[in-house]
Amino acid sequence: MGERRCAAVRVLVLQAAWALAGGQVRYSVPEEAEAGTVVGRLAQDLGLEAGEAEARRLRLVAQGRRASVELSGASGALLLSSRLDREQLCAKSAPCALRLEVLLERPLRVFHVELEVTDINDNAPASDADIGANAQLSYTLSPSEHFRIEEENSNSRSKSLFLVLTKPLDRETIPVHRLVLTASDGGRPSLTGTMELLISVLDANDNAPQFNQSVYNVHLSEDAIQGTLVAQMNATDLDEGSNRNIKYDVDTIVPPSASDLFSIDANTGEIRLAGTLDFEAVNLYNINVKATDQGTPPLSGHCKVVLEVVDVNDNAPEVWVTSLSVPVSEDASVGTVVAVLSVSDRDSGANGRVRCWVWPASPFGLEATFAGSYSLVLREALDRERVSEYELEVRAEDGGAPALRASRGLRVPVSDVNDNAPAFAQAVYTVLARENNAAGAELARLWARDPDEAGNGRVSYSVWEGGVAGGGAALPPSSSSWSGPGWRPASSYVSVDAESGLLWALQPLDYEELQVLQFEVRAVDAGEPPLCGNATVQLFVLDENDNAPALLPPAGSAPEAGPVPAEAAAAAGSGTLWAWAAWGAPAGQVVAKIRAVDADSGYNAWLRYELWEPRAKGPFRVGLYSGEVSTARALDEADGPRHTLLIVVRDHGQPARSATATLSVSLLEAAEAALAAGSSSSAASASSSSRAAVGAELAPGAASAATNVWLVVAICAVSSLFLLALVLYAASRWAPRAAVLSAPGPTTLVCASEVGSWSYSQRHSRSLCVADGAAKSDLMVFSPNFPPPPPGPAAKDTQPEPSALLHTSWYLVMVILDWPNVPGFGFGLDDPYGYLPF
């Protein structure tokens, strides 16, 4: 016994070489070895350095009876956690091997270890559970001249032993024979078992029943139902009478657990199935049948039924997920191992051969790494923004008929990588803001989309410097680093909220200081490294009527030589304008011109002149838009020597602003008026910036010629504009409604009525149109002087902007259809909108 224990402790390593192609290590250990016995230095055999097994998480995947083996995490040694009994693990099967799976993480690899359990002689006869030489039995019988032992001469897996009478018995001489049967196995040391045989010699009935064959070989499908006929026994007895009547009985069954699985009819010898067969549990049965006659004493004959169970495909494949490494980064390379799976089928032959695949097939696939082991690998590049999570099914099917299937679901989430830059809904934003807005007023809300998630998709906004130089002209973003006198950065006017993209004003805007501001807004995500996108913002300041008309000094205000009445000099010193007219001047004679200017633009700077006093009909009148004071009728002595006119100058803003001018007109004789007019003309030539004239009587021919010239010019201008209007009107009628007027982008039409009120049209049309039944004196379209943005990639997604003042581009054109009624108006080059009063 001591030698067997020592032999159990010794571990025989049959093969510890690492097979690179198959990835398999083989060890051998005898059964009954003590718990804690070192089977092999697995970490060393796998080529791992000291301490690397624990760092790379070398572990054993235990399944079922493989739990008898464990792996030391510190040393990487393979140990026995409990005693191994080869007869319990494998019964009579040889060789007896356990297949183990070992995982090595970081990176993920799977290895296969085969542990062979060798037999030791730990079972004594008569039924020896050992195998090989330990189960090779030899029998000896105590010395007897009448009996000997014979073994069954057959090729069956188990053999029967017969006690043979070699010499006739004489009951009167020896009524009872006591024999000792000894069975010895082939182990070293050999184990023995003994049995005492008590033989009583009977008289008369000296023929035992005999079966027609000693061994019946039967094959029966494992799905056979209860009551199925297994075998038909047939035995005969040469005796007569009651000595030849035979009864059948089951003597023994191997394995003993199947004692209730079969039944035999005592009279007919039919063996039928009384339970359910299971090939995966037991695939071979040995049934020893005894036939006994009715003699006194009865005699018996024996035979054996060897039943082999035929496998049926009654077990579906089984799929286990051994290891799962998720989530998978969207930039993972093709061939990355995502999971390790094990697939098995308890059936045998074709019924146990399993094929395995993954559904849907893209972008993952299965690769066989060992018998029954598969790796789930990446076969295509991932894109989290397209698919953020995959629901997979690993499907297995055996080769039976019909085939059985099994599946295992896997959820594979994809982790995000910062591979998308923020993209604005528009490349160029046009923002309209009225001047004098409050500091902190919302101008627009910009939005950039980043399809990444978490920090990779969290966008922050900032103003990327553009600026405004001296005269209020916008600088391109490339000039943001330019500096010089009068340059102001865009960040001094506007700011953008870093989180919401809200664009708001830092200070009130002044149209007279700034008309157009162009800058860029940058959107940066929080990824590593961060990615950014830009959008150009064009901010147009809309004029408000915040400036009242200002009167210009009269022409000839500089001191000049010449006779000027004393009262005129006194009036000029008090701010009153002075003019002279001759007695008898005809109606329509211009005696003075009121000069005023408005710092606003457009309608807000369009001035009109009204004679406030005297209210009653007087000898003078004022041109509505020219500011010229002229005689309403011929002057005579009854009109008096002096007239004081109160003239109000109003703009067309809402509400209108005004200024008041006082004009004193003196009536003189023709000679004095001529002298005063000559003095006024000399003063006018010294002041080049003034266009106002003080009235004086001119030669009738010269005045008539000047009037005719201006009349011809006015008629030609009105005719040209009328023809242009007709051409544009015809084009608008016949051309498609989507015809392009100027430049790409939606158009905002801004119309003005005769009285100067503005209305904003929401129609996005680029062709000129005139509403039927609504007489319009002009049509204005403002056009910012910026080139269209360069083409770029379209944003992945768009979102409606909240501000109604956002447009891609906008235009305003003014067509004066009644210029003779609007004297003093024209188009100035200094006005960015192309519309200023002279």
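A few notes on this one:
- Selection within the range 349-391 - surrounded by 14 or more Cβ atoms within 10 Å (Cβ to Cβ), of a type in the set (Gly, Ala, Ser) and at pLDDT 90 or above: 352, 365, 373, 375, 388
- Flag set for residue 267, criterion: free of Cβ contacts under 8 Å to residues at least 24 places away in the same chain and not acidic (Asp, Glu).
- For residue 246, the criteria (1) over 60 Å from the mean Cα position of the chain (by Cα); (2) within 30 Å of residue 312 (Cβ to Cβ); (3) hydrophobic (A, V, I, L, M, F, W, C) hold in every case but one, which is (2).
- Enumeration of residues in the range 382-412 that are within 14 Å of the chain's Cα centre (by Cα) and closer than 19 Å to residue 343 by Cβ: 412
- Residue list for the range 402-444, filter: of a type in the set (Ser, Thr, Tyr) and surrounded by 20 or more Cβ atoms within 10 Å (Cβ to Cβ): 429, 430
- Filtered by the rule that a residue be assigned to a loop (DSSP other than H, G, I, E, B), in contact with a strand residue (DSSP E or B) (Cβ under 7 Å, 6 or more places away or on another chain) and of a type in the set (Lys, Arg), the range 626-663 gives a lone residue, 657.
The values are calculated or read from the model by the stated rules, or taken from the named source; none is laboratory data. Model, not experiment: these values are computed from the prediction. Here Cβ is always computed from backbone atoms with ideal geometry, including for glycine, and neighbour counts include all displayed protein chains.
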